[in-house]
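Below is one structure, written out as structure tokens, with a few remarks after it.
The values are calculated or read from the model by the stated rules, or taken from the named source; none is laboratory data. All values derive from a computational prediction rather than experimental measurement. Here the Cβ positions follow ideal geometry from the backbone for every residue, glycine too, while neighbour counts run over all protein chains shown. Surface accessibility is based on the protein's heavy atoms, side chains included, excluding ligands, DNA and RNA. Shrake-Rupley method; radii C 1.70, N 1.55, O 1.52, S 1.80 Å.
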Amino acid sequence: MRWYDPLLYPFALLYGGVTALRNRLFDKGLKKSISFSVPTIVVGNLNVGGSGKTPMVELLIEYLKDDFQLATLSRGYGRKSRGFLIGEVHMGPDELGDEPFQIFSKYGKYLTVAVGEDRVKAISKIISLRPETNLILLDDAFQHRYVKGDINILLTTYQKPFFEDSILPLGTLREDPKGADRADLVIVTKTPAGVSEEVKNRYRETICKYTKGKIAFAGIRYGKPFPLFGESFEENKNVILVSGIANDRLLYQEVSKSYKVVERLSFGDHYYYKVSDVLRIQQLAKSRENCMVLTTEKDAAKLKNEAFQKYLSEIPIFVLPIQVQLDSEILDWLKDKLNQIVANKA
């Protein structure tokens, strides 16, 4: 226990009471959840940030894009715009938010990427403007109960599962762990390779106390780094690690297995880089011989800004791609369930 936890307890009690009351109002129908004619998959978590939602959404896109006319919808956290927007080629992270912009940059030709604070109105607009859409992925909407998801996917990390966490501000939970009861599928993300079935069974037994949903484990795999600008630089084993994510500890551990991290620059989640930050990165890279800058896909989407290119194109800066590893059995189960929902709604 931290010395200041007793001071936070009353605030956690108040916050937990408010969220519990809100959930009861939805459960009893006093607050309305709207179901749409187009099937929706909700991807979210109980805690604040860092559960791997964006890589999971990308995995779902990869698996479902050939069978469905997809759209993704999120609030677009951190963007400087407001209201409903559909991604267009002239837009950047300022308009869409960093994570929707990353998805649009990679998959924009396959699907609609939309942002909007009011998910109910946004879904209606997607259906109106893109009537061919027959499946919508809602990113970070587990607490947004005004939309009744057809499939609710709850993510929780192996390192800090929801059942070992506490309500804000004591911990990082947005609501009581009992909220997991709404999940059709619970995925334990960032599961290290080689975790025994005995350990997984302990997780399963605990999670089953909160939900009747299906339970799966997902790992992460880092791909081969690729240059952010051009092909003129070669990859190096000495790296300056630059990231603006919720928790870079796991990233640092994984990168350290294959590279020597000589400098580590950690910015806050959803951080918007300034010219001063880019100059700092540039100066660090130039001060180190036989060294490259290594960053995440999420950060690369923002660092590729034209205003930064004249600084960063002078240094070797590489992007480390990440993929979620999930059993094909779970993905097949999900697709079968979706096909059934589509048939029923049709």
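What per residue convex hull volume, in Å³, do the alpha-carbon atoms of the chain yield?
Working: hull volume 54.7 nm³, N = 346.
Residue-normalised Cα hull volume stands at 158 Å³.
Take the convex hull of the alpha carbons in segment 199-346; its mean projected area over all directions comes to 12.7 nm².
Sort segment 111-245 into rounded, prolate or oblate with this rule: let a ≥ b ≥ c be the square roots of the eigenvalues of the Cα gyration tensor; rounded if a/c is under 1.5, and if a/c is not under 1.5, prolate when a/b is larger than b/c, oblate otherwise.
Here segment 111-245 falls in the oblate category.
Our estimate of slack between ASN238 and ARG2, defined as 0.36 nm per intervening residue step minus the Cα-Cα distance, is 81.3 nm. With kT/(6 pi eta Rh) evaluated at 20 °C and eta = 1.002 mPa s, and Rh the Kirkwood radius from Cα pairs, segment 46-171 diffuses with a coefficient of 140 µm²/s according to Stokes-Einstein.
A Förster distance of 56 Å, applied to the separation of the beta-carbon atoms of GLU314 and ARG24, puts the FRET efficiency at 0.45. With contacts taken as Cα pairs under 8 Å and at least 6 residues apart, segment 136-204 reaches a relative contact order of 35 percent. A simple spin-label model places the labels of PHE163 and LYS178 1.7 nm from each other, with each point 7 Å out along Cα-to-Cβ. The residue among PHE226, LEU279, GLY171 whose Cα reaches farthest toward the positive pole of the charge dipole of the chain, with charges on the beta-carbon of Lys, Arg, Asp and Glu, is GLY171.
A 1.4 Å probe run over the chain, with the rest of the protein chains in place, finds 50 Å² accessible per residue.
Using a simple spin-label model with pseudo-atoms 7 Å out from Cα toward Cβ, ALA307 and TYR110 lie 3.2 nm apart.
In a fully extended conformation the segment linking SER196 and LYS274 would gain 23.7 nm over its present Cα-Cα distance, using 0.36 nm per residue. Report, as a whole number in µm² per second, the diffusion coefficient that Stokes-Einstein gives for segment 267-328 at 20 °C and 1.002 mPa s using the Kirkwood radius over alpha carbon pairs. Rounded to a whole number, D works out at 167 µm²/s. Gain on full extension, evaluated as 0.36 nm per residue between GLU263 and LEU14 minus their Cα-Cα distance, stands at 85.5 nm. Rounded to the nearest Hz, the phi-derived 3J(HN,Hα) couplings of segment 173-187 under the Karplus curve 6.51 cos²θ - 1.76 cosθ + 1.60 (θ = phi - 60°) are 7, 7, 7, 4, x, 4, x, 4, 4, 7, 7, 8, 9, 10, 10, where x marks glycine and proline.
Considering Cα pairs under 8 angstrom that are at least six residues apart, work out the relative contact order of segment 78-152 and quote it in whole percent.
Result for segment 78-152 is 27 percent.
Over all other residues within a Cβ to Cβ distance under 14 Å of VAL261, the charged ones net out to +3, with Lys and Arg as +1 and Asp and Glu as -1.
Measure off, as a whole percent, the carbon and sulfur share of the 1.4 Å-probe accessible area of the chain, all protein chains present.
Carbon and sulfur atoms account for 50 percent of the accessible area of the chain.
Pairs spanning more than 32 Å between alpha-carbon atoms, out of LYS125/LYS302; LYS190/LYS345; LYS106/LYS260; LYS31/LYS200; LYS121/LYS298: LYS190/LYS345; LYS31/LYS200. Each of the peptides 82-93, 53-64, 298-309 was scored by the mean count of other Cβ atoms within 10 Å over its residues; in descending order, highest first, they stand as 53-64, 298-309, 82-93.
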